[in-house]
Each structure stands twice: as C-alpha cells, then as structure tokens.
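Novice: Okay, here's the structure, questions in a sec.
The values are calculated or read from the model by the stated rules, or taken from the named source; none is laboratory data. Computed from a predicted structure; not experimentally measured. FYI the Cβ positions are ideal-geometry reconstructions off the backbone, even for glycines, and counts take in every protein chain you see. All accessible areas refer to the heavy atoms of the entire protein, side chains included, with ligands and DNA or RNA removed. Shrake-Rupley method; radii C 1.70, N 1.55, O 1.52, S 1.80 Å.
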Amino acid sequence: MTVRSRTQVGIVGAGPAGLLLSHLLALRGIDSVVVENRSRAYCEARQRAGLLEAGTVELLRTVGLGDRMDSEGLEHGGIYLQFEGERHHLDFRDLTGGRWVTIYAQTEIVKDLIQARLAAGAAIEFEVSDTEVGALEADQPVLRYTDAAGTRHEVTCDAIAGCDGFHGICRDSMPAGLVQVAERVYPYAWIGILASVPPSTDELIYARHEDGFALHTMRTPQVSRLYLQVPADEQIKNWTDERIWSELRRRLTVPGWELEDGPITERAITPMRSFVASPMRYRRLFLAGDAAHIVPPTGAKGLNLALADVTALARALTSLLADGRPEAADAYSDTSLGRVWRATHFSWWMTSMLHVDPHADPFGATLQLAQLRYVISSRAAATTLAENYTGYFPLAWD
Ligand code: FAS
Ligand code: PHB
C-alpha cells in the first residue's frame, strides 16, 4: 500500500543544505517535506566542517538561528600561514575592511536546524530507504520513499531539491547526458582528528611542511580539531595516536611554540577532490550543496557554499511558487555556478599552495614557496586570500 500526499517542495537530504532550505522556505510560507536516509543522531554527530564565513553567520542570525552560535561560536580575525619554519599572521579585518570568520561546527548547525524545524512542526522523515525522484518531465515531479516503519510514500511536489550530498540519488536522476562533470582528484587525503585538549593556538594554523600539510583548527576552548595530509590511499589503521601527534608536532612546531596533545576522540580520512556538476537544475529538480559540487576543505568553503546555494534556491522557489515568476529559478543554475567556481578556484589554489604533491618536481615545489612568500609579503596577494576566505559573494536574504 502506498501513501500518497503532496507538498510544494520535496527535499532529499537532512544535511545543512536540506535543513536550511526547509527553514528558509517556511519563512516564506512555502511548505516542504525533508527525507533523510540516516538517523537524526547520525546526522547530528557527523563530524565535518567547522568554519563559517561572516556572511553565513549573518544569514543564520537573520533567520533566527544565531543564538547558540553567538554564545558558543569563536570569532576569528585572521589565520596563520606557516612554511619554511616561520609562522605569519594574516589580519582579515585589516585586509578586508572588517570581515571575519567564526568557528562553529557543522554538527551544531545541524542540531540547531533540526531543533528549529521540529519545533515549527516540520516534516522530517529520518531513516528512510529507497528514495526515488520521478515524473521529472512534468511540472509536478514525484518524490518516493519508504519510511522507517516500512510504508511506501509517494509525494507529489511542485519542485524537488536534491540536497542529498555527493553520494545521493538526485544528480544521477537527471536525464542521461545532461549533466556535465568537471573533476580533479588530488593525490593526497586528510586524516582529521578531534582531541580533548585546549587548542594550542588562538587562530587557525595552515602549515606547509616538507613532509606534508597540517592544519590546527578547533571546536571549543576545550576541543581541538587537527588535520594531516596523508597519501590518497592511506588507511586510518596505520595511524596510532602517538604517530598522529608526532607527525602533527613535526609539521606545526616553530621555535618558541609547542603543540599540546590529548585524548583523540574521533578520527577519519577525507579524500580530496574538486567536483562540479552542471547544470544544477532540470525542470523542477534543483541541486544544492554537495549534490552539485565538492571542494577540498583547505579553503573552508564546502559548508558555506551549500548554505549559499539554498539561500539562492529558497528565493528562486518562492518567486516561482508563490509569485508565479520563473526568472530567478531559470537563473539559479548559472548564478550558482558562478559562485561555485569562485569557491572551487580558491579551494584548489589554497590546496595546491599548501600541500606537498608527491608527483611534483623541484620546479613545482619552488613555485609553491614563491606563491606563499608573495602572499605574506604583498598586501594585494594577502587581500586576495582574505576576501575569498571570509566570503567573496554576499549572501542575499532580506
Ligand atoms: P551533506 O552530505 O552534508 O548532506 C546530504 C544528506 O543527504 C546526508 O545527511 C545524507 O545522509 C542524505 N542522503 C544521501 N542520499 C540520500 C538518499 N538517497 N535519500 C535520503 N537522504 C539521502 N567542509 C568544510 O567547509 N570544511 C571541512 O573541514 C569539511 N570536512 C568534510 C569532511 C567530510 C568527510 C566530508 C564528506 C565533507 C566535509 N566538508 C567540509 C564539506 C561538508 O561540510 C559539506 O560541504 C556539507 O556537508 C554539505 O552539506 P550538504 O550539501 O547538506 O550535504
Ligand atoms: C575545521 O575547523 O574543521 C576546518 C577549518 C578550516 C578548514 C578546514 C576545516 O579549511
């Protein structure tokens, strides 16, 4: 027996993109259903991004999601770039006329969003299976799924948002041959750890060491988050706590500074790729977030880009469904791809500048160091990094 229903927007995926889209649409009186194949606990615990652009923070505040972020988030005015045994501070506020960034983990944003949506009585179906999207040629596409109790559902929608991440089903549901993919897979990956130890730095340290890249970031004044470049095919089982801390110490230490270590509570390996699918729309199916694009996390763009996509998509769907005006929906893919490629270029640039390429010749390695020296010695070059890192495109939500 199939339960049939309808909604204005069917949303696949309860990650940050799907959840924020549902929240923004509700603010404009547009109803939606969110279907998610994982449990609520899994979504809330999934360790991923940590850094928010100033525009993302201001958006979350504007739409009523800023309280806990403002009390628990850590506002930073810059970062450190480190290479050849020296650490250099980039002052974002000085370079960009006042812009900053905030550390507030993606896990906390997801918790805040789920709490807000459920408090508003929103329909979020966790632990679904066999999700499908169909009737894509029509103006009322269909979202099908089986709920946690085993009941099959068919939801007739005015639009469907594919917010189902890189491994989701929506991108692949678009007509064969339509989606063009541009991709680069990097010859390295990151080991990411969470550790119960206060951060050894006030702001993020991005270090290019001859043995590989390392990043010291954080989650709270008591919890550190650190990353280590490893070979693309590395296995986490090869890395004991001692080996992780020893390698982080080797790559991050400069004279007069020490890395405090502590119990590692989470560890995972993240592959590194750049991936852009276009177009991000087919008739009434729209892609947003990692369903359409992946960036290497060196530029801290993935989460911010996903939230920017759904901010644009919420405005476009409101115009289309509430006002009967298709222009913004028709422009959604092209305008989003402009923003996506800016973030893709910046993420590639930061990644290429800071990671040791195992296939690089001395020419490549020397180029990297020349680029890094230019960034810390030229205001123009430092401003380029700062304006991209803090958010090049303003988020428009009025
Ligand atoms: P998400 O992948 O977060 O969410 C998609 C959701 O769809 C998931 O909950 C999934 O379970 C669900 N789904 C998938 N298929 C489905 C189906 N068939 N039916 C129903 N639901 C389905 N970004 C940074 O800025 N900094 C970082 O350090 C960083 N680290 C990362 C580490 C990892 C391991 C990964 C994978 C990504 C990382 N990112 C980082 C990027 C990350 O933060 C993403 O940009 C962000 O999660 C994008 O959000 P969504 O587009 O909502 O996709
Ligand atoms: C994080 O805090 O997880 C983080 C911050 C900046 C990055 C990547 C990850 O570039």
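Results for (1) farther than 23 Å from Ala232 by Cα; (2) in contact with a strand residue (DSSP E or B) (Cβ under 9 Å, 6 or more places away or on another chain), shown as yes or no for each residue.
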| site | (1), (2) |
| --- | --- |
| Asp330 | yes, yes |
| Trp341 | yes, yes |
| Leu354 | no, yes |
| Leu369 | no, yes |
| Val375 | yes, yes |
| Thr383 | yes, no |
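Novice: Still on this model: Please find, among Ala116, Ala138, the residue that is in the same structural domain as Gly15 (by TED's automatic domain parsing) and in a helix (DSSP H, G or I).
Specialist: Ala116
Novice: Let me ask something additional. Anything in the range 20-38 that is within 20 Å of the chain's Cα centre (by Cα) and over 16 Å from Ser319 (Cβ atoms)? List them, or say none.
Specialist: Scanning the range 20-38 gives Leu20, Ser22, His23, Val34, Val35, Glu36, Asn37, Arg38.
Novice: When you scan the range 260-303, how many residues do you find that are of a type outside the set (D, E, K, R), in contact with a helix residue (DSSP H, G or I) (Cβ under 9 Å, 6 or more places away or on another chain) and in a strand (DSSP E or B)?
Specialist: Summing the residues that are of a type outside the set (D, E, K, R), in contact with a helix residue (DSSP H, G or I) (Cβ under 9 Å, 6 or more places away or on another chain) and in a strand (DSSP E or B) in the range 260-303 gives 16.
Novice: For the range 315-398, which helices (runs of 4 or more DSSP H) that fit wholly inside it have 1 or more residues that are open to solvent by 10 Å² or more (accessible area, probe 1.4 Å) and within 30 Å of Leu27 (Cβ to Cβ)?
Specialist: 327-354, 379-389
Novice: Hey, among Ala138, Ala182, which residue is over 30 Å from Glu53 (Cβ atoms) and surrounded by fewer than 15 Cβ atoms within 10 Å (Cβ to Cβ)?
Specialist: Ala138
Novice: Considering Glu108, Glu127, which residue is assigned to a loop (DSSP other than H, G, I, E, B) and under 23 Å from the mean Cα position of the chain (by Cα)?
Specialist: Testing whether each residue is assigned to a loop (DSSP other than H, G, I, E, B) and under 23 Å from the mean Cα position of the chain (by Cα) leaves just Glu127.
Novice: How many of the residues in the range 207-227 are more than 13 Å from Arg249 (Cα to Cα), within 13 Å of ligand 1 (Cβ to nearest atom) and touching a helix residue (DSSP H, G or I) at 6+ places or on another chain (Cβ under 8 Å)?
Specialist: 0
Novice: So Glu258 fits all but one of (1) out of contact with any Phe, Trp or Tyr (no Cβ under 6 Å at 6 or more places or on another chain); (2) open to solvent by less than 70 Å² (accessible area, probe 1.4 Å); what number is the exception?
Specialist: So Glu258 meets the others, but not (2).
Novice: When the range 127-146 is examined, which residues are found to be more than 9 Å from ligand 1 (Cβ to nearest atom) and closer than 23 Å to Ala26 by Cα?
Specialist: Residues satisfying the conditions are Glu127, Val133, Asp139, Gln140, Pro141, Val142, Leu143, Arg144.
Novice: Here's another thing I want to ask about it. Test each condition in (1) in a strand (DSSP E or B); (2) open to solvent by 10 Å² or more (accessible area, probe 1.4 Å) for Arg243 and report the one that comes out false.
Specialist: Here Arg243 meets the rest and fails (1).
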